[in-house]
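The values are calculated or read from the model by the stated rules, or taken from the named source; none is laboratory data. Every value quoted in this text rests on a predicted model; they were computed, and no experiment measured them. Positions of Cβ are generated from backbone atoms using ideal geometry, with glycine treated the same way; all protein chains shown enter the neighbour counts.
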Amino acid sequence: MTFAEKYCAKTGVHPTDYEATVFRHSLRPVARFLRFSLNLNSNYFAADREFIRGVGRISRLDEFHSEAVDFAHYSEGQGFCHRTLKWRVSRERLRRIVRATLKE
């Protein structure tokens, strides 16, 4: 069973709402506040959403690390707001969600 399947079963989230729900819960506070204006650029959160999709496919906690490294590497080219101001998904927040879901 994948993380996405377990998360949806545990939280009662419909599978079609997985990405949006995990995205909202794993955003850094400032990014959460600014997400509607940041979404005006349709590609701004593309790397974040791909990260969440990738994490959704894992089935063990130790697989999270490679997804997080890929996200960190890709995020470096995303620009000042994404990289320096960290208006993006928090790897640590998402790791905590994954850990809490997969450890059961």
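Do we have Gly77 as small (Gly, Ala, Ser), assigned to a loop (DSSP other than H, G, I, E, B) and either at pLDDT 85 or above or loosely packed, with under 12 Cβ neighbours inside 10 Å (or both) here?
Working: small (Gly, Ala, Ser): yes; assigned to a loop (DSSP other than H, G, I, E, B): yes; either at pLDDT 85 or above or loosely packed, with under 12 Cβ neighbours inside 10 Å (or both): yes.
Judged against the criteria, Gly77 is a match.
Any residue at all in segment 12-25 that's surrounded by 15 or more Cβ atoms within 10 Å (Cβ to Cβ), farther than 25 Å from Leu61 by Cβ and either touching a Ser or Thr at 6+ places or on another chain (Cβ under 8 Å) or aliphatic (A, V, I, L, M) (or both)?
no
Determine whether Asp70 is within 11 Å of the chain's Cα centre (by Cα) and charged (D, E, K, R).
Spelling it out, it is not the case that Asp70 is within 11 Å of the chain's Cα centre (by Cα) and charged (D, E, K, R).
Scanning segment 80-99 for residues that are surrounded by 16 or more Cβ atoms within 10 Å (Cβ to Cβ) and either over 11 Å from the mean Cα position of the chain (by Cα) or in a loop (DSSP other than H, G, I, E, B) (or both), which turns out modelled with the highest pLDDT?
Let us first name the residues in segment 80-99 that are surrounded by 16 or more Cβ atoms within 10 Å (Cβ to Cβ), namely 81-82, 87-91, 94-95, 97-98.
With either over 11 Å from the mean Cα position of the chain (by Cα) or in a loop (DSSP other than H, G, I, E, B) (or both) added as a condition, the list becomes 81-82, 87-88, 90.
On the way: Cys81: 79, His82: 79, Trp87: 84, Arg88: 87, Ser90: 92.
Per the criteria, the residue is Ser90.
Which one is surrounded by the fewest Cβ atoms within 10 Å (Cβ to Cβ), of the residues in segment 29-51 that are within 15 Å of Ala72 (Cα to Cα) and aliphatic (A, V, I, L, M)?
Residue satisfying both the conditions and the ranking: Ala46.
If you scan segment 1-44, which residues turn out to be modelled with pLDDT of 85 or more, of a type outside the set (Lys, Arg) and not in a helix (DSSP H, G or I)?
Listed by number, the residues that qualify are Met1, Thr2, Gly12, Val13, His14, Leu27.
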